[in-house]
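**Q** Just passing along the structure, written as structure tokens.
The values are calculated or read from the model by the stated rules, or taken from the named source; none is laboratory data. Keep in mind it's a predicted model, so treat the numbers as computed, not measured. Methodologically, a virtual Cβ is constructed for each residue, glycine included, from the backbone with ideal geometry; neighbour enumeration extends over all protein chains shown. The accessibility values were calculated without ligands, DNA or RNA, using every heavy atom of the protein model including side chains. Shrake-Rupley method; radii C 1.70, N 1.55, O 1.52, S 1.80 Å.
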Amino acid sequence: MAVTGGILVLYLVAHMIGNLKIFLGEDDFNHYAHWLRTMGEPAVPYRTVLTVIEVVLGVSVVLHMWSAVSLARRARAARPVKYQSKKKSHAQGYATHTMRYGGIIIALYVVWHLLDLTFYVVNPKGSDASPYDRMVADFDPSRWYITVWYVVALLLVGLHLHHGIWSAFQTLGLRSKRSEGLLRGLALAVAVVITAGFISVPVSITFGWVS
């Protein structure tokens, strides 16, 4: 869970940085999108490196979800009889619901995102337009509901990141009384930066700051 989560966090950071290139203008963003597909040329064929990255990400997502299901089943098996007390901390309930149900919504969001900006099935410009034009058309003010959908999903990604990164620190044995405050702050900071970075793109397009 922690290792695959770490891979996905690193990918999100790189993906966010790439998305932010849209603020540098159309040429820079299109050049970045083209570079993703030509990485490693001429040593390797067109799109080879990107395909390898996609395979690693796909395997990481599957293993991450498998880990979540396996851990949940192991927890239930270890305690087949429920506690008599019904009292549960707010933090525990928040974490459980955020990671479980938020994870399902995030999975649906990833499927939509792939259909939208990777396979262009639901993108209004389709496969014939440039990456910049597809992005701008996707979050056009007339399609405000798509922007809302992305923002809600990305906020859930942020909550998932916050709790997931903190849990990873504990799983990897990095938590101590002296480091707890620092690690909690780091988990929050990473989640906020990544979430804000991703949200800034659709919101800026919808409000006309990028066109």
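**Q** For Tyr83, which of the numbered conditions (1) open to solvent by 60 Å² or more (accessible area, probe 1.4 Å); (2) outside any helix (DSSP H, G or I); (3) at pLDDT 65 or above fails to hold?
**A** (3)
**Q** Then there is this: Where residues in region 164-211 are of a type in the set (Phe, Trp, Tyr) and surrounded by 14 or more Cβ atoms within 10 Å (Cβ to Cβ), which of them is farthest from Thr4 (Cα to Cα)?
**A** So, considering only residues that are of a type in the set (Phe, Trp, Tyr) and surrounded by 14 or more Cβ atoms within 10 Å (Cβ to Cβ), the one farthest from Thr4 (Cα to Cα) is Phe198.
**Q** Out of the residues in region 171-199 meeting the condition of being of a type in the set (D, E, K, R) and in a helix (DSSP H, G or I), tell me which one is nearest to Met16 (Cα to Cα).
**A** Quick first cut of region 171-199, residues of a type in the set (D, E, K, R) only: 175, 177-178, 180, 184.
With in a helix (DSSP H, G or I) added as a condition, the list becomes 180, 184.
Numbers: Glu180: 27, Arg184: 22 Å.
The qualifying residue nearest to Met16 (Cα to Cα) is Arg184.
**Q** Criterion first (part of a helix (DSSP H, G or I) and either loosely packed, with under 13 Cβ neighbours inside 10 Å or modelled with pLDDT under 95 (or both)) does Ala68 satisfy it?
**A** Values: part of a helix (DSSP H, G or I): yes; either loosely packed, with under 13 Cβ neighbours inside 10 Å or modelled with pLDDT under 95 (or both): yes.
In short, yes.
**Q** Ok, one more. Report every pair of residues separated by at least 6 positions or lying on different chains whose Cβ atoms are under 9 Å apart, first residue within region 27-48 and hydrophobic (A, V, I, L, M, F, W, C), second in a loop (DSSP other than H, G, I, E, B).
**A** Close Cβ pairs (under 9 Å, with a partner that is in a loop (DSSP other than H, G, I, E, B)) amount to Phe29/Ser130; Ala33/Ser130; Leu36/Arg47; Met39/Arg47.
**Q** Are there any pairs, at least 6 apart or on different chains, whose C-beta atoms fall under 6 Å, with the first in region 161-181 and within 14 Å of His64 (Cβ to Cβ) and the second at pLDDT 85 or above, and if so, which?
**A** Within 6 Å, the pairs are Leu161/Ala191; Gly164/Gly5; Ile165/Ala187; Ile165/Val190; Ala168/Gly5.
**Q** Here are the criteria: (1) of a type in the set (Gly, Ala, Ser); (2) assigned to a helix (DSSP H, G or I); (3) open to solvent by less than 60 Å² (accessible area, probe 1.4 Å). Tell me which single one Gly40 does not satisfy.
**A** Gly40 satisfies every listed condition except (2).
**Q** What is the number of the single condition among (1) at pLDDT below 85; (2) assigned to a loop (DSSP other than H, G, I, E, B); (3) not aromatic (Phe, Trp, Tyr) that Pro124 does not meet?
**A** Only one criterion is unmet by Pro124, namely (1).
**Q** Would you mind telling me which numbered condition in (1) exposed (fewer than 14 other Cβ atoms within 10 Å of the Cβ); (2) in contact with a His (Cβ under 6 Å, 6 or more places away or on another chain) Thr4 fails?
**A** Single failed check for Thr4: (1).
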